[in-house]
Amino acid sequence: MLTYRALLVVGALLAFAGQSHSWRPCTDLLPLDLLARVLPQPGQATSTQVQVVQSRGSRGLRLAGAMTTSLSFPASQIFTNCDFFPAEYSLVTTFKMPRLKEKRNEYIFSMVGEKADPLLLGLRVSQNGVHLLVNYPSTGRRSRISFHEVRLDNNRWHTMVLAVTGLHVALTIDCGLTLELTQAHPFPAALSTRGSRVFIGNRRRRTGRFSGLLRQLVLLPGSDATSRLCPSSDPHLAELVVPQVLMSTPLRLDWPGPVYPYEAGATVTSGSRPPCSRAEEGQLWFDVPRKSVLMCNGVTWKSFFGVSERLDYVEDFQDLFTFSETFDIEVFSIPSAGLFLAAANRDSGPGSGIYRWTNGSFGLYQNISTQEARAWKHFSINGQSFLVVANSREVEPELSVIYRWNGRRGRFVRHQTLETHAAVDWEAFHMHNHSFLVVANHRRARDSNHNINSVIYRWNPKSKLFEVNQTLSTSGAYDWEFFTIGPYHFLVVANTFNGQTTAILSTIYVWLDGCFQSFQNIPTLGATDWETFEIDGRFFLAVANSQKVSVRSPSLYSINSTVYELSTISWTFIRFQDILTHSALDWEFFTVGQEKFLVVANSHDGRSYTLNSVVYRWQGFEGFVPVHSLLTFGCRDWEHFITDRGSFLVYSSATSRLSKVFKLRTY
């Protein structure tokens with residue numbers, strides 16, 4: 001909570017000048033809705049300067065006119081008791097903006113002198129930063145406080161809180177980590193607002209006008225608004241004060257206010273099947289023969305309403321021959337480059353293959369040198385694509401490698417090496433405007449110790465490299481899974497073996513106070529994979545248990561794997577369903593139309609590696625029930641992917657060079 005130093009100073013100035021004999025703040029200490037002040041009141045004509053646009057389910061204002069003078073009001077409307085801007089305050093704004101060109105700046109808010117056009121105060125955004133501009137009256141100079149590497153121009157809604165107190169300026173995006181900067185000089189205690197105007201989405205010039213959607217713009221004098229908004233069940237759209245016309249509930253027919261020009265961020269086309277790429281994402285297509293409306297998800301057209309497709313059967317589609325046995329596959333897309341599959345191959349000699357989807361099948365595209373690769377993970381940072389490999393060969397030094405996509409060469413090139421220990425898995429995630437990687441270190445080579453640390457790395461935007469952020473104690477770590485529920489972020493590890501037994505605890509961690517802390521321990525049996533998914537607002541975690549091993553009893557491979565559900569009463573994951581599996585190594589959740597499925601990678605039953613891996617369908621109260629059995633050979637990993645030719649499953653074989661692609665036939 002901020003202090004009231006500025007208000008006290010202003011009160012003293014007024015008393016000294018004889019304008020007041022008692023202390024009064026310059027404005028109310030309540031949230032001031034700046035956005036509502038530029039909208040016509042009931043009974044007034046509708047402004048042609050703004051349009052109401054609905055995008056991604058929420059409404060915002062778009063500046064539509066060529067001139068922006070009407071999107072302003074005299075500062076005296078809010079500073080009613082004196083002519084000074086508070087020295088301690090918060091600015092809260094919710095907005096959605098398109099990609100910006102390099103070096104382009106757009107103003108969300110500004111306060112400008114009435115006559116000489118000096119910028120007294122301004123909040124603007126750029127391609128990768130947020131900037132507060134302040135004019136210091138004592139020196140006549142202008143200062144700029146910039147938060148760099150804050151990328152908000154991604155066509156998504158964001159709620160931003162900028163809090164100023166003394167020397168400190170704090171920025172919070174989507175209720176995430178708070179970034180703080182210290183100024184050389186405190187915010188001016190006597191920034192005069194006399195004769196000035198407040199402008200919304202511009203600074204009284206045509207240049208720098210805000211091109212996105214504004215949903216909320218609030219000034220809160222004297223306090224930090226973050227605690228009023230966070231935590232939030234929807235941090236991207238956290239609300240302090242939103243104008244009535246932008247509220248999510250439909251307007252009543254007897255609504256007394258003005259009716260604004262309204263549009264939705266989607267178009268509907270008909271005729272033959274149009275292209276579907278990231279450029280058409282969110283657009284609608286009416287399929288006349290099927291009498292169905294479909295939406296482009298950035299890859300393919302999916303039924304929006306009408307007749308929903310259902311899974312009929314699974315058919316063999318492609319034999320994928322790899323350099324050697326394949327422990328893991330990663331399917332991913334690179335804009336303008338296409339759909340790819342990375343195979344983590346066992347043998348170090350030939351390395352691992354990257355395959356590209358061309359003319360309806362995967363073909364070899366690039367070969368990368370790896371050291372007994374166990375897993376690949378694709379991720380993006382600011383539009384740049386990366387691949388990281390988990391190398392498990394126990395030689396000194398043990399290094400896993402991050403590769404970067406070089407668009408000019410059309411190849412992945414080496415970017416960074418990280419020391420790992422028999423690495424089995426990587427997980428990549430983005431949280432609070434920061435990018436992270438976490439490695440599953442399985443065992444230390446020099447002493448064969450499974451009880452070692454796994455490491456979380458954080459991306460340094462200045463050096464463009466990952467740096468150690470936190471270590472977590474694990475036991476034969478095999479898999480990491482990151483997931484978010486409401487405002488909370490979680491990591492769960494699959495602990496496989498502690499040197500004595502596979503009957504050990506796997507741990508769920510929650511992000512609190514700037515680090516991951518233990519949230520819940522779950523008993524597992526040689527856990528090899530976690531899969532998280534949501535069905536109708538219910539959150540689930542499925543663990544793949546591979547084997548029951550101890551030094552005193554024979555190994556068991558046909559054991560239960562378990563689906564857990566988050567209890568909203570105890571706020572813990574509780575057992576929902578046990579499913580008999582055979583040395584399960586992976587779960588994959590996918591959807592077809594409105595139906596939800598889980599497929600398990602059954603790898604070994606104690607006698608054979610040739611087994612049926614099973615597809616289960618969600619049946620509500622009954623849980624997951626088996627619907628399809630697929631013959632697999634040493635099945636290690638499943639991936640689901642979608643192309644313009646339909647929906648597919650692909651599995652990797654840890655006992656053969658042959659992996660297989662299946663097509664999901666629907667009706």
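Annotations for the structure displayed:
- Condition check for R104: more than 25 Å from L71 (Cβ to Cβ) and free of Cβ contacts under 8 Å to residues at least 24 places away in the same chain: no
- Listing of strands (runs of 3 or more DSSP E) fully contained in the stretch 608-667 that carry 2 or more residues being more than 31 Å from the chain's Cα centre (by Cα) and polar (S, T, N, Q): 610-618, 624-633
- All positions within the stretch 140-155 that are at pLDDT below 90, open to solvent by 10 Å² or more (accessible area, probe 1.4 Å) and under 20 Å from L177 (Cβ atoms): H148, E149, R151, N154
- Every pair of residues 6+ apart whose Cβ atoms lie under 7 Å, when the first sits in the stretch 617-640 and is under 10 Å from Y651 (Cβ atoms) while the second is open to solvent by 20 Å² or more (accessible area, probe 1.4 Å) and part of a loop (DSSP other than H, G, I, E, B): F633/Y609; F633/T655; F633/S656; G634/Y609; G634/A654; G634/T655; G634/S656; R636/A654
- Reported count of residues in the stretch 158-189, each being more than 21 Å from the chain's Cα centre (by Cα) and open to solvent by 40 Å² or more (accessible area, probe 1.4 Å), is 8.
- Close pairs (8 angstrom Cβ cut-off, 6 or more residues apart or separate chains): of a type in the set (V, I, T) in the stretch 648-660, open to solvent by less than 10 Å² (accessible area, probe 1.4 Å) and not in a strand (DSSP E or B) anywhere: T655/G634
- Residue in the stretch 306-328 that is open to solvent by less than 70 Å² (accessible area, probe 1.4 Å), out of contact with any Pro (no Cβ under 8 Å at 6 or more places or on another chain) and under 20 Å from I402 (Cβ atoms) present: yes
- When the criteria are applied in full, E398 fails the requirement of being closer than 23 Å to N453 by Cβ, of a type in the set (D, E, K, R), open to solvent by 20 Å² or more (accessible area, probe 1.4 Å) and in contact (Cβ under 8 Å) with a residue 40 or more places away in the chain.
- Identification of strands (runs of 3 or more DSSP E) wholly contained in the stretch 430-492 with 1 or more residues that are open to solvent by 30 Å² or more (accessible area, probe 1.4 Å), under 24 Å from R156 (Cα atoms) and touching a strand residue (DSSP E or B) at 6+ places or on another chain (Cβ under 9 Å) yields 434-441, 451-460, 477-485.
- Of the strands (runs of 3 or more DSSP E) entirely within the stretch 302-413, those holding at least 1 residues that are farther than 30 Å from Q594 by Cβ and of a type in the set (G, A, S) occupy 338-345, 352-358, 361-368, 373-381, 384-391, 399-406.
- Selection status of R203, crowded, with 19+ Cβ neighbours inside 10 Å and of a type in the set (K, R): yes
- Counting only strands (runs of 3 or more DSSP E) that sit completely within the stretch 532-581, those holding 3 or more residues that are open to solvent by less than 30 Å² (accessible area, probe 1.4 Å) correspond to 538-545, 558-566.
The values are calculated or read from the model by the stated rules, or taken from the named source; none is laboratory data. Note that the coordinates shown come from a computational prediction; the quantities given were computed from them, not determined experimentally. Glycine also receives a Cβ, built like all others from the backbone with ideal geometry; neighbour counts cover every protein chain displayed. For accessibility, only protein heavy atoms count, side chains too; no ligands or nucleic acids. Shrake-Rupley method; radii C 1.70, N 1.55, O 1.52, S 1.80 Å.
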